[in-house]
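See structure below.
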Amino acid sequence: MTSGEDPAGVLDRELRTVAARVARVPRLLVACDYDGTLAPIVEDPAMAAPLLEAVAAIRGLAALPQTSVAVISGRALRDLTALSRLPSEVHLVGSHGSEFDVGFVDALPPDRHRLRADLHRELENVIRDQPGVKLEVKPASVAVHLRTAPRDVARRVATAVRDGPATWDGIQVTNGKEVVELSVITTHKGTALDTLRAQLSASAVVFVGDDVTDENAFAHLRGPDVGVKVGPGETLARYRVADPLDAARLLAVLLQTRREWLFAEHP
Ligand SMILES: O=P(O)(O)OC[C@H]1O[C@H](O[C@H]2O[C@H](CO)[C@@H](O)[C@H](O)[C@H]2O)[C@H](O)[C@@H](O)[C@@H]1O
């Protein structure tokens, strides 16, 4: 988005109309995924920063009355907080919708802690001497990142993970973008969205996401809600934008319309 650009101008007309309509509900919840939605995909997961345009729109929306903003991410809550640097008014939920607060890890039963430790050890064995493969350890899961591995290595490691620890009892497998994640709990962005909707008494929800686990959130939308998929691929979302920059433009349109409506800046 260039300064002075009208963000609405570049969005699909139908989406603009729908955004303008949902921005006028009594209590709005805008919920977004993080990687691939607010933050463009990069090689190193530790370097994924949100677009400034997205942060500006989110900050603006979160400061409005009768308006809530949430980010529901696959990341550990601690990492999401550090990377996104969003203000405390924004509700952050980590671990694919399971981690609403930092006490989550202490509340996990001892057998889940043991299983995650076993999983971590086993995955370290699987990826030993495999160039470009990295592990990301989270409170209830371990993600195996394949993005920077040579293709043959990525295929070999993915197969070893799927035929090995992914088959263990009590393990949930999530295939993301160049990542296979093994979790010791069941996670679901849709139930996280339900919880937020109820807690915040939202009249309508806008959910924006790009990845497989975001489909669970799209599946829980209803009535006046609006689901927006970022990028290509099959989806349950009714609307689509091309990339994180267009997602930021959509957030800016929501902010502009809602601000005008709330403060009656225009008749
Ligand atoms: O639910 P999300 O917020 O979209 O998180 C999904 C996963 O995102 C991260 O991995 C992805 O983004 C990385 C940075 O751009 C990229 O290098 C990686 O290939 C992608 O899979 C994050 O590292 C994972 O923990 C999240 O589960």
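Read-outs: derived from the displayed coordinates by stated rules, not from any lab. Since the model is a prediction, treat every value here as computed from it, not as a measurement. Note: ideal-geometry Cβ built from the backbone for every residue, glycine included; neighbour counts use all protein chains shown.
Estimate the FRET efficiency between THR167 and ASP194 by the formula 1/(1 + (r/R0)^6), using the beta-carbon distance for r and 41 Å for R0, to the nearest 0.05.
With R0 = 41 Å, the Cβ-Cβ based efficiency is 0.85.
Tell me, in nm to one decimal, what length is gained between ARG24 and ALA56 on full extension, where the rule is 0.36 nm per residue of separation less the Cα-Cα distance?
9.5 nm
Show which lysines lie in cross-link reach of LYS189 when reach means a straight Cα distance below 20 angstrom and same-chain residues fewer than eight apart are skipped.
Reachable lysines: LYS138, LYS177, LYS229.
With charges only on Cβ, +1 for K and R and -1 for D and E, what is the dipole size of segment 133-177 about its Cα centre, in debye, rounded to 20?
For this selection, approximately 260 debye.
I want to check the label-to-label distance for ALA63 and ALA107. Put each point 7 Å from Cα in the C-beta direction and report it in nm to one decimal.
With each label point 7 Å from Cα toward Cβ, the separation is 3.2 nm.
Please express the shape of segment 85-154 as an equivalent ellipsoid: the semi-axes are the square roots of 5 times the eigenvalues of the C-alpha gyration tensor, given largest first in whole angstrom.
28, 18, 7
If r is the Cβ-Cβ distance from ARG147 to SER88 and R0 is 25 Å, what FRET efficiency results, to the nearest 0.05?
My answer for the efficiency is 0.20.
Mind checking the angle between helix 244-262 and the chain's longest principal axis? C-alpha axes, 0 to 90 degrees, to the nearest 10.
Its long axis makes an angle of about 40 degrees.
As an exercise, identify the chymotrypsin sites (Phe, Trp or Tyr not before Pro) in segment 224-267 lying in DSSP coil whose Cβ has no more than 11 other Cβ atoms within 10 Å.
Details: sites: TYR239, TRP261, PHE263; in loops: PHE263.
Sites meeting the loop and neighbour criteria: PHE263.
If you fit an axis through the alpha-carbon atoms of helix 110-127 and take the longest principal axis of the Cα set of the chain, what angle between them do you get, 0 to 90°, nearest 10?
In the chain, helix 110-127 runs at an angle near 70 degrees to the longest axis.
In the chain, what % of DSSP beta bridges are antiparallel (nearest 5)?
Counting only bridges with both partners in the chain, antiparallel ones make up about 45 percent.
To the nearest 10 degrees, how steep is helix 52-63 against the longest Cα principal axis of the chain, on a 0 to 90 scale?
Computed tilt is about 60 degrees.
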